[in-house]
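The values are calculated or read from the model by the stated rules, or taken from the named source; none is laboratory data. These numbers were taken from a predicted model, which means no experiment stands behind them. Here the Cβ is made from the backbone with ideal geometry for all residues, glycine too, and neighbour counts use every protein chain on show.
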Amino acid sequence: MSTTENAIRPPRDAPEELRQQRPQQQPSGAYFPLGYKEAAYQWWSSVTPSMAERNVLKHIPFLKEATTSMGNLSTTDSTDSFGTRIWRRSMVQLSGKNRALNEFSVERVGEEPEETLVMVHGYGAGLGFFYKNFEPISRIPGLKLYALDMLGMGNSSRPPFKIHAKDKEGKVIEAENFFIDALEEWRKARKIERFTLLGHSLGGYLAVSYALKYPGHLKKLILASPVGIPEDPYAVSAALPEPGESTMQNEFTVDQQTTTTTKNSAAVPPKRPYPSWLVWLWDANVSPFSIVRMAGPLGPRFVSGWTSRRFNHLPSEEAQTLHDYSFSIFKQKGSGEYALAYILAPGAFARRPVINRIQNVGRQPIQGPDGQTVSKETGIPIVFMYGENDWMDVAGGLAAEEKLKQLKANIMRNGTEEEKRNEGGSCKVVIIPKAGHHLYLDNAEFFNNIMRKEMEDVKETEKRKQAAAAASS
């Protein structure tokens, strides 16, 4: 049986009649491979969202869950050459009614945290999708790792999503603030002063918005296949790669097994114009997840149309666990998902393009508690990551890189001696081979190696700053 056929199967405890039923032969590329009877059973017997998330986390090797009965743990784990590491799940309460963020954290036993990495997922997803990254990244001594479900998504609370602004830009900003204000509240609750922020897809777009609204708290910004960078499909320089395949429909049609074994975007289907009915649904803010919720017992079948392609490059047990986890997220009450139509137009192009704001990241005035300006940021490193077969527009990242490099060159050429000495801005674009939009999952080993290098760079940069400060005092 192929990986695709094996990926979505009846649970082991299903009735004998269902377990013995041979899967219906599906034509290659069938949109909904899960049969009606299997879908109904999965809907009826599905586990709670919290348990579905826990089942995904069980695939993480070496890390131990923190419990009250653990007692004093040794700092050396005979089964783990990278030391004893524990993980926790918490629901961090925020201000207001029904506002809380679901948090996963990894800490190294016996070590004082030196650096903090915060990971934020993309649209409609959840922190569990990073399960292949938590253990390898947390091998770095002195690193504390957090992964968060955005407000209104994943297993975070789902308050009503409402827009009160009247003008177009005001509506977009209010939609962004729904998420980034919650992230800032979480930072304060955890008493984290400065950290590195990784955002994937929509999470990358929102990470930029966070950096601009709440300056002074980021050491490095890592944008993994971020949406919303270019102004429009043809707004980048002609000398850069053509953006041609930057269409959100590929998220639902691309086969990951092909994507992760093919070079140079050969797996990406050609761009097709969006039908008028889809544009209407988008502008009317009809969420794709509302279809899953309305489908009732057929919900798992609809979800299988995405999961059978997204996870078919993974071992069958992991693919099944991620299918269950995805369904548990998609079927929950609609909330943050309704922000998408305010932030992005059909085709995943931003209504407030990042390319028009990226030069201000890490360059904002920092205000004191009384609202007065106490200092100004002097630039931060920004890293763009794209999969080799990404449907997101790598040309947007390259255009942003060029814009930021010109800005830094101008400062080094015309700035004061103090500005030149304190300049900390940089930008680079990294391509993850044999990976698509979900590069952290498609080629986890390569992605994790890059992430470790970036976090080691943060450690070394901080040490140099501390040494320079000590020498000048």
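For the criterion of being of a type outside the set (A, V, I, L, M), closer than 24 Å to residue 203 by Cα and either buried (at least 18 other Cβ atoms within 10 Å of the Cβ) or more than 21 Å from the chain's Cα centre (by Cα) (or both), residue 415 fails.
Confirm whether residue 445 is out of contact with any Pro (no Cβ under 9 Å at 6 or more places or on another chain), closer than 27 Å to residue 122 by Cα and in contact (Cβ under 8 Å) with a residue 60 or more places away in the chain. No; evaluated as a whole, the condition is false for this residue.
Figure legend. Inter-residue proximity from region 33-58: first residues within 19 Å of residue 155 (Cα to Cα), second residues charged (D, E, K, R) and exposed (fewer than 15 other Cβ atoms within 10 Å of the Cβ), beta-carbon distance below 7 Å, spacing 6+ or different chains. No pairs are indicated. Under the condition of being in a loop (DSSP other than H, G, I, E, B), modelled with pLDDT of 90 or more and among the hydrophobic types (A, V, I, L, M, F, W, C), the residues counted in region 215-236 number 2. Counting only helices (runs of 4 or more DSSP H) wholly contained in region 1-87, the ones carrying 2 or more residues that are modelled with pLDDT of 80 or more and either within 27 Å of residue 331 (Cα to Cα) or of a type in the set (A, V, I, L, M, F, W, C) (or both) occupy 36-45, 49-57. Regarding residue 451, is this residue in contact with a helix residue (DSSP H, G or I) (Cβ under 7 Å, 6 or more places away or on another chain), free of Cβ contacts under 8 Å to residues at least 40 places away in the same chain and not basic (Lys, Arg)? Criteria not met by residue 451. Kindly establish whether residue 316 is crowded, with 23+ Cβ neighbours inside 10 Å and hydroxyl-bearing (Ser, Thr, Tyr). Here the answer is no, as residue 316 does not meet what is asked.
Matching residues to (1) in contact (Cβ under 8 Å) with a residue 40 or more places away in the chain; (2) in contact with a His (Cβ under 8 Å, 6 or more places away or on another chain); (3) not hydrophobic (A, V, I, L, M, F, W, C):
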{"residue": "80", "(1), (2), (3)": "no, no, yes"}
{"residue": "110", "(1), (2), (3)": "no, no, yes"}
{"residue": "114", "(1), (2), (3)": "yes, no, yes"}
{"residue": "138", "(1), (2), (3)": "yes, no, yes"}
{"residue": "145", "(1), (2), (3)": "yes, no, no"}
{"residue": "155", "(1), (2), (3)": "yes, no, yes"}
{"residue": "162", "(1), (2), (3)": "no, no, yes"}
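Considering every residue within region 105-116, establish whether at least one is closer than 23 Å to residue 202 by Cα and crowded, with 16+ Cβ neighbours inside 10 Å. Checked against the condition, which is being closer than 23 Å to residue 202 by Cα and crowded, with 16+ Cβ neighbours inside 10 Å, region 105-116 yields at least one hit.
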